[in-house]
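S.K.: I'd like to ask you about the structure that follows.
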Amino acid sequence: MKWNAELYDDKHSFVSQYGESVLELLDIKPGEQILDLGCGTGHLANEIKKHGAEVTAIDASPEMIEKAEKEFPDVNFSVADGANFHINKAFDAVFSNAALHWMHKADDVIKCVYENLKPGGRFVAEMGGKGNMEYMIAATKQVLTKHGYKNLGERKLWYFPSLGEYTSKLEARGFRVTYAIHFDRPTLLQDGRLGVTKWLNMFGDTYFEGIKGGEMQEILSEITDLLEPHYNRDGQWFSDYKRLRFVAIKE
Ligand code: BEZ
């Protein structure tokens with residue numbers, strides 16, 4: 001998917017704001033070698049650097065990396081596939097915020113993370129977990145099907161595993177999972193009702209490939225109507241995020 005990195009920073013900065021609490025879990029020590037996997041526009045990689053660590057940050061999106069490099073020239077960024085990377089450093093930790101659910105080949109991702117860590121190194125991450133955005137996904141599917149786009153509605157854009165599924169994969173690779181939690185985090189959508197369209201434009205445009213102007217507006221409006229009873233709380237719209245967080249140690 002092609003990312004709009006400007007819009008991402010402008011309207012979706014909550015992604016890195018929430019990620020700051022995942023940084024607490026990372027518990028950075030000065031001088032550590034840390035890899036930020038799926039770094040997006042680089043804000044959290046820069047935070048990691050500010051804690052005194054040496055940071056390498058990768059993302060599959062050239063648009064995101066281009067913006068990150070401009071904004072944070074002191075951080076070492078590169079474009080790389082999370083399911084197929086090798087960096088010539090042994091990392092103390094691999095950190096990932098809100099990125100692993102874009103990486104469908106989870107076993108390959110976990111293998112790469114394992115191979116790039118030092119023995120005793122840690123993998124600390126947050127991602128969308130099972131049930132993440134299920135109202136948004138169900139409403140999109142329902143409306144696309146009604147408009148004759150059943151195939152688009154059935155697209156699986158993201159991988160949202162259960163806690164058991166992801167931690168089993170980690171254990172199968174040789175990690176010891178020392179912390180894991182799957183929790184609800186209703187997330188405020190900016191601009192109320194319009195926030196649904198903005199979220200889908202930013203993250204879900206693959207659902208709407210080939211759909212044009214007027215019909216697109218109709219579809220977005222119908223999706224928003226279906227979500228209103230679930231998302232609208234006295235005029236503020238909260239999406240149904242469910243997060244999976246874990247710490248896993250390479251034994
Ligand atoms: C998430 O952070 O949960 C998420 C972000 C974009 C698309 C899907 C999920």
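S.K.: Of the residues in segment 120-146, how many are more than 16 Å from the ligand (Cβ to nearest atom) and more than 30 Å from G174 (Cα to Cα)?
M.R.: Selection size over segment 120-146: 5.
S.K.: Another question, if that's okay. May I ask you to say which residue of Y231, Y179, Y166 is hydroxyl-bearing (S, T, Y) and more than 16 Å from the ligand (Cβ to nearest atom)?
M.R.: Of the residues listed, the single one that is hydroxyl-bearing (S, T, Y) and more than 16 Å from the ligand (Cβ to nearest atom) is Y179.
S.K.: Of the residues E222, E215, only one is away from the ligand (no atom under 16 Å from the Cβ) and surrounded by 15 or more Cβ atoms within 10 Å (Cβ to Cβ); which?
M.R.: Just a single option satisfies the conditions, and that option is E222.
S.K.: Here's another thing I want to ask about it. Could you tell me which of the residues K118, K105, K141 is closer than 22 Å to E32 by Cα, surrounded by fewer than 20 Cβ atoms within 10 Å (Cβ to Cβ) and of a type outside the set (D, E)?
M.R.: The match here is K118.
S.K.: OK, next. Could you check A172 against (1) of a type in the set (G, A, S); (2) within 16 Å of the ligand (Cβ to nearest atom); (3) open to solvent by 80 Å² or more (accessible area, probe 1.4 Å) and say which number it fails?
M.R.: Looking at each condition in turn, A172 falls short on (2).
S.K.: Restricting to segment 147-163, name every residue that is open to solvent by 70 Å² or more (accessible area, probe 1.4 Å) and either within 16 Å of the ligand (Cβ to nearest atom) or farther than 19 Å from E222 by Cβ (or both).
M.R.: Hits for segment 147-163 are R155, K156.
S.K.: Another question, if that's okay. I'd like the residue in segment 89-102 that is within 15 Å of G121 (Cβ to Cβ) and open to solvent by 20 Å² or more (accessible area, probe 1.4 Å) and, out of all such residues, is farthest from the ligand (Cβ to nearest atom).
M.R.: Looking at the filtered set, the residue picked out is A90.
The values are calculated or read from the model by the stated rules, or taken from the named source; none is laboratory data. In this text, all values refer to a predicted model and were calculated from it rather than measured experimentally. As a convention, Cβ positions derive from the backbone with ideal geometry for all residues, glycine included, and neighbour counts pool all protein chains shown. Just the protein is used for accessible areas: all its heavy atoms, side chains included, with ligands, DNA and RNA removed. Shrake-Rupley method; radii C 1.70, N 1.55, O 1.52, S 1.80 Å.
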